[in-house]
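Below is one structure, written out as structure tokens; comments come after it.
Values quoted throughout were computed directly from the atomic coordinates according to the rules given, and no laboratory measurement underlies them. Given the structure is predicted, the values throughout are model-derived calculations rather than measurements. As a convention, Cβ positions derive from the backbone with ideal geometry for all residues, glycine included, and neighbour counts pool all protein chains shown.
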Amino acid sequence: MPQDPTERRVVVTGPPRRAGRAFGYYRPRTEIDEQTTLGHTYVRSLMRIQLRAGLTVFAVLALLVGPLPLVFAAAPDARRLEWAVLGFGLYPPLVLLARWYVRRAERNERDFVRLVEDR
């Protein structure tokens with residue numbers, strides 16, 4: 001049976017009619033990619049947490065190293081003590097502090113990714 005030329009099928013393609021999210025559906029990654037206010041808040045919270053970790057490390061470092069010139073000035077004849085403290089006594093706390101900071105920063109980023117990925 002031949003088809004009537006007036007009865008042709010037409011396929012229409014185009015953007016979906018419903019713009020926006022489906023009701024009840026929420027994607028933080030989309031908020032960040034589209035740079036919405038909520039996405040900006042997510043990124044700002046991550047940066048605030050990372051800044052807090054960095055300032056904590058700086059404060060501990062300042063409390064650890066800051067008073068050393070006063071201690072060295074109190075004992076002017078103890079040059080060997082100065083080198084021992086600076087060379088050997090200060091190195092392990094600095095390594096531990098750096099290790100803590102890296103672990104903390106990675107944990108913050110992992111938590112952020114978990115929040116954004118909806119896991």
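Some notes on this structure:
- Placing pseudo-labels 7 Å out from each Cα toward the beta carbon at Trp100 and Leu51 gives an inter-label distance of 2.2 nm.
- Net charge in the neighbourhood of Phe72 (other residues with Cβ under 12 Å of its Cβ; Lys, Arg +1, Asp, Glu -1) is 0.
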